[in-house]
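Chemist: My structure is below; once you've seen it, I'll send some questions.
The values are calculated or read from the model by the stated rules, or taken from the named source; none is laboratory data. None of these values were measured; they are calculated from a predicted model. When we count neighbours, we look across all protein chains shown, and the Cβ atoms used for this are built from the backbone with ideal geometry, even at glycine.
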Amino acid sequence: MPEQAKIQNEAPLYIKVSAKDNVAIIVNSGGLAKGCIFACGLELRDGIPQGHKVALTDLEQDEPIIRYGEVIGYAAGPIPKGSWVKEELVRLPSPPQLDELPIANQVPLPLPPLEGYTFEGYRNEDGSVGTKNILGITTSVQCVAGVLDYAVKMIKEQLLPHYQNVEDVVALTHNYGCGVAINAPDAIIPIRTIQNIATNPNFGGEVLVVGLGCEKLIPERLLTDGDSANIVSLQDHHGFMSMIQSIMNLAEQKLIKLNRRHRVTCPVSDLVVGLQCGGSDAFSGVTANPAVGFAADLLVQAGATVLFSEVTEVRDAVHLLTPRAINQEVGQALIQEMKWYDNYLEKGQADRSANPSPGNKRGGLVNVVEKSLGSIIKSGSSPIVGVLSPGEKATQKGLVFAATPASDFVCGTLQLASGVNMQVFTTGRGTPYGLAMAPVIKVATRNSLTEQWHDLIDVNAGTIATGEATIEEVGWGIFHMILAVASGKKKTWADHWGLRNALCLFNPAPVT
């Protein structure tokens, strides 16, 4: 059947999340035309694209617009029933007052332990576990990036084929290290990010640093043991090939050790899984994110560490999270991260209206409040047991908020520093995002995106919107895929194609 005919023959569908909601989103691929009538008798006064909102009742000016059972804005003017609730018709509400939030007053009861599930991972000496076996080569300054890229090319061509148990060699290049206020208070964020990325579990504890010799971020500062034998300083060498040979010699020492690693059976509690979303749409909060949230609860039940992030996509829904904090200390830490970011945006003369992106809006999201309410759903329903400042390493089991910007690349970089050995990434608009250091499972919010990007999307949660599957069914599917990918039994599409986004440090400190 031609696609247009198929669309015309589909029964008109909308999704209303809460009984309190006075708007709903259009499910039908391609949207619906003016005059279309739903089974409930609602008639559309406008043509409405897929994912965009329809008014379920007559809304007067200044009346609250409710989705997810929460106020996402106020009507900028009268909005008749059946109308398209466009961005310009929704006035942004004030954010939750941080000093008035309830804390730890609705802590969820622990779910029963989930036992009997394991994966095959690489056990490290410090007790952490990798899902990959990779040689990571850290840099102390951007100046050396070109030399290291050349060396990595040579390592892959000449050395790596002799070490079959090592999957890859990754250059951890970045734009930091010199021309920066290295002792400014906020400089600790990029510095600890680089330090902690070097010890990600997927690198097996083998740290190698390439520096220049005159940078502000001295290479020794990136080594926890201070062993200068793991540093190559380019200014100590006579000629380019001397630099390359020195990097290759040290790399081979590391490859020999990494090649001895073998997968062993590990409990799910050894997983550290990062949750992230990018290219979000109005379906994110009703399909992919709820399914990922269900999987997150399963991981927590099995004893794993689960990180959710993205401060600006939490800020407007933080009042729903502080009650889940396990105690006052964790709740206050969450609030403090919100305050820090409020101040950061104020210094930059930016505000929360800078989010969402144009693509998010085309996908039906009218403002950051609606986006936030959909975003936090991927955290599931477990108690929040900890909060990490940007770039800090996770040290406890359970659900943890890792404060990061919402930018896909910056968030991914900071989650790697926090120790994730894999990531689950939801998308409605689509993104080919991937990480060299850890596998990324991509979950689509819509059937049409899965069909369009059939060789980039790993899990289709769009079947939830069309009633073909439940949140629980898709959530269990994500959980099982996490274990398969962590075990090396299944490759994500990003790893299949070798899609890699560069590390992107968060540096709020001055550049000099």
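Chemist: Pairs please, first residue from the stretch 60-83 and more than 20 Å from ILE48 (Cβ to Cβ), second anywhere and among the small types (Gly, Ala, Ser) and in a loop (DSSP other than H, G, I, E, B), Cβ atoms under 6 Å, 6+ apart in sequence or on different chains.
Modeler: As it stands, the answer is GLN61/GLY77; GLY69/SER18, since those pairs meet every condition given.
Chemist: Any idea how many residues of the stretch 245-262 are of a type in the set (Gly, Ala, Ser) and surrounded by fewer than 20 Cβ atoms within 10 Å (Cβ to Cβ)? Outline the logic, then answer.
Modeler: In the first step, residues of the stretch 245-262 are kept if they are of a type in the set (Gly, Ala, Ser); the result is 246, 251.
Of the ones still in play, those that are also surrounded by fewer than 20 Cβ atoms within 10 Å (Cβ to Cβ) are 246.
Going through the stretch 245-262 one residue at a time, the tally reaches 1.
Chemist: List the strands (runs of 3 or more DSSP E) that sit entirely inside the stretch 184-277 and contain at least 2 residues that are of a type in the set (A, V, I, L, M), in contact with a strand residue (DSSP E or B) (Cβ under 8 Å, 6 or more places away or on another chain) and within 30 Å of VAL292 (Cβ to Cβ).
Modeler: Filter on the stretch 184-277 gives 272-277.
Chemist: Inspect the stretch 314-324 for any residue being over 17 Å from the mean Cα position of the chain (by Cα) and not in a helix (DSSP H, G or I) and give the result as yes or no.
Modeler: yes
Chemist: Of a type outside the set (Val, Ile, Thr), surrounded by 17 or more Cβ atoms within 10 Å (Cβ to Cβ) and in contact (Cβ under 8 Å) with a residue 24 or more places away in the chain: does that describe ALA181?
Modeler: no
Chemist: Looking at the stretch 187-225, which of its residues are hydrophobic (A, V, I, L, M, F, W, C) and over 20 Å from PRO508 (Cβ atoms)?
Modeler: Of everything in the stretch 187-225, those that are hydrophobic (A, V, I, L, M, F, W, C) and over 20 Å from PRO508 (Cβ atoms) turn out to be ALA198, PHE203, VAL207, LEU208, VAL209, VAL210, LEU212, CYS214, ILE218, LEU223.
Chemist: Let me ask something additional. Which pairs have Cβ atoms under 8 Å, sit 6 or more apart or on different chains, and link a residue in the stretch 188-202 that is in contact (Cβ under 8 Å) with a residue 60 or more places away in the chain and crowded, with 24+ Cβ neighbours inside 10 Å to one that is in a helix (DSSP H, G or I) and of a type in the set (Ser, Thr, Tyr)?
Modeler: Matching pairs, first to second residue: THR193/THR413; ILE197/THR413.
Chemist: Any residue at all in the stretch 142-161 that is touching a helix residue (DSSP H, G or I) at 6+ places or on another chain (Cβ under 6 Å), more than 19 Å from MET241 (Cβ to Cβ) and touching a residue at least 12 places away in the same chain (Cβ under 8 Å)?
Modeler: Checked the stretch 142-161: no residue is touching a helix residue (DSSP H, G or I) at 6+ places or on another chain (Cβ under 6 Å), more than 19 Å from MET241 (Cβ to Cβ) and touching a residue at least 12 places away in the same chain (Cβ under 8 Å).
Chemist: Given the residues GLY359, GLY348, which is the only one that is more than 23 Å from VAL71 (Cα to Cα), at pLDDT below 95 and among the small types (Gly, Ala, Ser)?
Modeler: Unique residue meeting the criteria: GLY348.
Chemist: So, ALA251, is that one among the small types (Gly, Ala, Ser) and at pLDDT 95 or above or not? Break it down stepwise before answering.
Modeler: Working: among the small types (Gly, Ala, Ser): yes; at pLDDT 95 or above: yes.
Yes, satisfied.
Chemist: If I go through the stretch 80-130 residue by residue, how many of them are within 24 Å of ALA394 (Cα to Cα), in a strand (DSSP E or B) and charged (D, E, K, R)?
Modeler: Number of matching residues: 2.
Chemist: Condition first: hydrophobic (A, V, I, L, M, F, W, C) and assigned to a strand (DSSP E or B). Can you find one or more residues in the stretch 290-298 that meet it?
Modeler: No; the residues of the stretch 290-298 include none that is hydrophobic (A, V, I, L, M, F, W, C) and assigned to a strand (DSSP E or B).
Chemist: Look through ALA438, ALA394, ALA403 and report the one residue that is closer than 12 Å to SER309 by Cβ, buried (at least 24 other Cβ atoms within 10 Å of the Cβ) and in contact (Cβ under 8 Å) with a residue 40 or more places away in the chain. Don't jump to the end; show me each part of the working.
Modeler: Details: ALA438 fails: closer than 12 Å to SER309 by Cβ; ALA394 fails: buried (at least 24 other Cβ atoms within 10 Å of the Cβ).
Being closer than 12 Å to SER309 by Cβ, buried (at least 24 other Cβ atoms within 10 Å of the Cβ) and in contact (Cβ under 8 Å) with a residue 40 or more places away in the chain holds for just one of ALA438, ALA394, ALA403, which is ALA403.
Chemist: Continuing with the same structure: Looking at (1) part of a loop (DSSP other than H, G, I, E, B); (2) crowded, with 21+ Cβ neighbours inside 10 Å; (3) out of contact with any helix residue (DSSP H, G or I) (no Cβ under 9 Å at 6 or more places or on another chain), can you tell me which one LYS34 breaks?
Modeler: (2)
Chemist: Now a separate question. Quick check: is even one residue across the stretch 68-79 among the aromatic types (Phe, Trp, Tyr), within 19 Å of ARG315 (Cβ to Cβ) and surrounded by 19 or more Cβ atoms within 10 Å (Cβ to Cβ)?
Modeler: Yes, the stretch 68-79 contains a residue that is among the aromatic types (Phe, Trp, Tyr), within 19 Å of ARG315 (Cβ to Cβ) and surrounded by 19 or more Cβ atoms within 10 Å (Cβ to Cβ).
Chemist: Kindly list, by first and then second residue, each pair from a residue in the stretch 165-178 that is more than 23 Å from LYS216 (Cα to Cα) to a residue that is polar (S, T, N, Q), limited to pairs with Cβ atoms under 8 Å and residues at least 6 apart or on different chains.
Modeler: ASN165/ASN133; ASN165/ASN259; VAL166/ASN133; VAL166/ASN259; GLU167/ASN133
Chemist: Here's a follow-up. Do you know which residues across the stretch 160-178 are surrounded by 16 or more Cβ atoms within 10 Å (Cβ to Cβ) and under 18 Å from LYS132 (Cβ atoms)?
Modeler: LEU160, TYR163, VAL166, GLU167, ASP168, VAL169, VAL170, ALA171, LEU172 - these are the residues of the stretch 160-178 that are surrounded by 16 or more Cβ atoms within 10 Å (Cβ to Cβ) and under 18 Å from LYS132 (Cβ atoms).
Chemist: Every residue in the stretch 44-65 that is surrounded by fewer than 21 Cβ atoms within 10 Å (Cβ to Cβ) and under 25 Å from ASN28 (Cα atoms), please.
Modeler: Those that are surrounded by fewer than 21 Cβ atoms within 10 Å (Cβ to Cβ) and under 25 Å from ASN28 (Cα atoms): ARG45, ASP46, GLY47, PRO49, LEU56, THR57, ASP58.
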